[in-house]
Amino acid sequence: MSGHSILVVNAGSSSLKFSLFRLDAADTLHLAVHGQVDGIGTRPQFKVKDDAGRRLVERELDVAEVREVKDAIALARAWLRGHFAGETLLAVGHRVVHGGAGYTRPVLVDDAVFADLEKLTPFAPLHHPHNLAAIRAIRETQPQLPQVACFDTAFHRSHPQLADVYALPWEYYAAGVRRYGFHGLSYEYIAGVLPQVAPEIANGRVIVAHLGNGASLCALHAGKSVDSTMGFSPLDGIPMGTRPGELDPGVLLYLVGQRGMTPATLENLLYKESGLLGLSGVSNDMRLLLESAEPHAQFAIDYFVHYIAKAIGALAAVLGGLDGLVFTAGIGENAPEIRARVVKACAWLGIALDGEANQRGNACISAAGSAVSAWVVPTNEELMIARHAHALVKAEP
Ligand code: AMP
């Protein structure tokens, strides 16, 4: 079968996710397959599913075959070539976590852009090197194939300066110490579908709660991001699977100055050992916490809900009121109990839940007559990236 497609790549430290989208005659993108290489450099596994979630491949690999990101790219591309022979790959779209202050939209990666992106690595040392390794691997083997970098920070560049600055001397702002915000591709996707899914709020004041393993909230005004809970790094804001969310910087000074913690151990504590996992001692997985009888697991859920509600109050103040609340990502889309508890904690804002609609996971989950409406809108960061990559190659002369 011949046709045109866009490959989407999300490369992390130990895993590489990829999705192939095909274009139909009307130039609309459709997911064809989604795959994943896990355990890069340790116990590699290769999995591919079709658009309906049916398993096409699931196999373990020898570590010698997949030592680094470029091996995972080669593996995925060889499989795709075998299964989509005759298909023309128009572009590869990459999720790139950090676009600094300068990248306000996705960009075609040429030599100058690549060199510029390398300079941003100190701002996202855990993610950026892997994102760039994937771009580099494809540049080396197929330099003529257009590659598009799509940034998690770009959507938030519409923040007013008040939401972009820390109260530090200005020299730090100039050096890049800013509130960047993340999950931008998810928020951009949600803002893009709201006019169809929830037209009555799309032009108003909306808070989107992206509740996944990483979690944040974004205040949208007429579809533009005006504030968000994440800042300089994806550590800030509400508690997450393994990250604590907002933390008094005095705690960090104490841990480093008085407890002798090194940057590496601190990084591990903040990115991998805290949040729901650290509080519960059970798991970072919300499904397991909801099932657990451990008091600390229940406390972790109480804590998660409390700080989400607190952040919603703060963002509603920024927006000067609220028209709609949208839940998305793994927990937001699939955990009615968490949604119900968050909405209950926000009842003072004028949100009333329709319990049955919430259990069913309807798009609209607020009761008729609720002053503020509540919604469940599945996010699709991969499709957002594919659309950006397609739009940029189409715009090329
Ligand atoms: P994400 O990072 O968006 O993939 O979301 C991952 C989070 O979603 C994990 O904490 C999962 O436990 C959670 N999650 C996924 N499905 C469910 C579900 N049915 N009920 C509760 N939490 C879920």
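Computed from the coordinates by the stated procedures, all read-outs in this text should not be read as laboratory data. Quick caveat: nothing in here was measured; it's all calculated off a predicted structure. Glycine also receives a Cβ, built like all others from the backbone with ideal geometry; neighbour counts cover every protein chain displayed.
Where the only charges are on Cβ atoms (+1 Lys, Arg; -1 Asp, Glu), what is the dipole of the chain about its Cα centre, to the nearest 20 debye?
Dipole about the Cα centre, nearest 20: 100 debye.
At most 15 other Cβ atoms within 10 Å and a DSSP loop assignment: could you name the chymotrypsin sites (Phe, Trp or Tyr not before Pro) in the stretch 97-197 that fit?
Here the sparse-neighbourhood loop sites are Y166.
In a Gaussian network model over the chain where Cα atoms closer than 10 Å are linked, find which of L168, L353, L211 has the largest mean-square fluctuation.
Among L168, L353, L211, the largest mean-square fluctuation in the Gaussian network model of the chain belongs to L168.
If each residue of separation counts as 0.36 nm, what is the full-extension length gain between Q196 and D110 once their alpha-carbon separation is subtracted?
That pair, Q196 and D110, stretches by 27.4 nm at full extension.
Please check which bits of the stretch 164-201 a label hung off A363 would reach, taking the label as a point 7 Å along Cα-to-C-beta and the cut-off as backbone N under 15 Å.
190-201
List every residue whose amide H lies under 5 Å from the amide H of H4, counting only residues 5 or more places away in sequence or on a different chain, with H placed 1.01 Å from N in the peptide plane.
L23, T88
Return the long-range amide H neighbours of V376 (sequence gap of 5 or more, or a different chain), with a cut-off of under 5 Å between placed amide H atoms.
Those qualifying (amide H under 5 Å, at least 5 residues apart or on another chain) are F327, C364, I365.
Where in the chain is the longest stretch that carries no trypsin sites (Lys or Arg not before Pro) classed as loop by DSSP and with at most 10 other Cβ atoms within 10 Å?
55-258
Quick one: which residues, 5 or more positions from A352 or on another chain, have an amide H under 5 Å from its amide H? H modelled 1.01 Å from N in the peptide plane, none for Pro or chain starts.
Placed amide hydrogens put A367, A371, V372 under 5 Å from A352.
Quick check on the chain: helices-only [θ] at 222 nm, where DSSP H runs of length 4 and up contribute -39,500 (n - 2.57) each and the sum goes over total residues. Nearest 500, please.
Rounded to the nearest 500, the figure is -11000 deg cm²/dmol.
Rg/Rh for the stretch 166-228: what does it come to with C-alpha atoms and Rh from Kirkwood?
Taking Rh as the inverse mean 1/r over Cα pairs, Rg/Rh reads 1.09.
Going by Cα centres, the stretch 17-96 and the stretch 188-209 are how many Å apart?
That distance is 31 Å.
What are the ³J(HN,Hα) values, in whole Hz, obtained from phi via the Karplus relation 6.51 cos²θ - 1.76 cosθ + 1.60 with θ = phi - 60°, for each residue of the stretch 320-325 in sequence order, with x given for Gly and Pro?
Result, ordered by residue: x, x, 9, 9, x, 10 Hz.
If the limit is 19 Å between Cα atoms, which of K310/K344; K49/K394; K17/K49 go over it?
Among K310/K344; K49/K394; K17/K49, the Cα-Cα distance tops 19 Å for K49/K394.
Tally Lys/Arg at +1 and Asp/Glu at -1 over every other residue whose Cβ is under 10 Å from the Cβ of L235; what's the total? Intermediate values should be presented prior to the final figure.
Values: positive: R243; negative: D236, E246, E267.
Neighbour charge sum, excluding L235 itself: -2.
Need one word for the stretch 41-143: rounded, prolate or oblate. Basis is the Cα gyration tensor (sqrt eigenvalues a ≥ b ≥ c); a/c below 1.5 gives rounded, then a/b vs b/c decides.
Details: a/c = 2.01, a/b = 1.55, b/c = 1.30.
Prolate, since a/c reaches 1.5 and a/b exceeds b/c.
If the elastic network links every pair of Cα atoms under 10 Å, which of G260, G176, G324 fluctuates the most in the Gaussian network model of the chain?
With Cα springs under 10 Å in the chain, the top fluctuation among G260, G176, G324 is at G260.
Using the Cβ atoms and a cut-off under 11 Å, what net charge is assigned to the surroundings of V305, where Lys and Arg are +1 and Asp and Glu are -1?
Working: positive: K310, R339, R341, K344; negative: D302, E337.
In short, +2.
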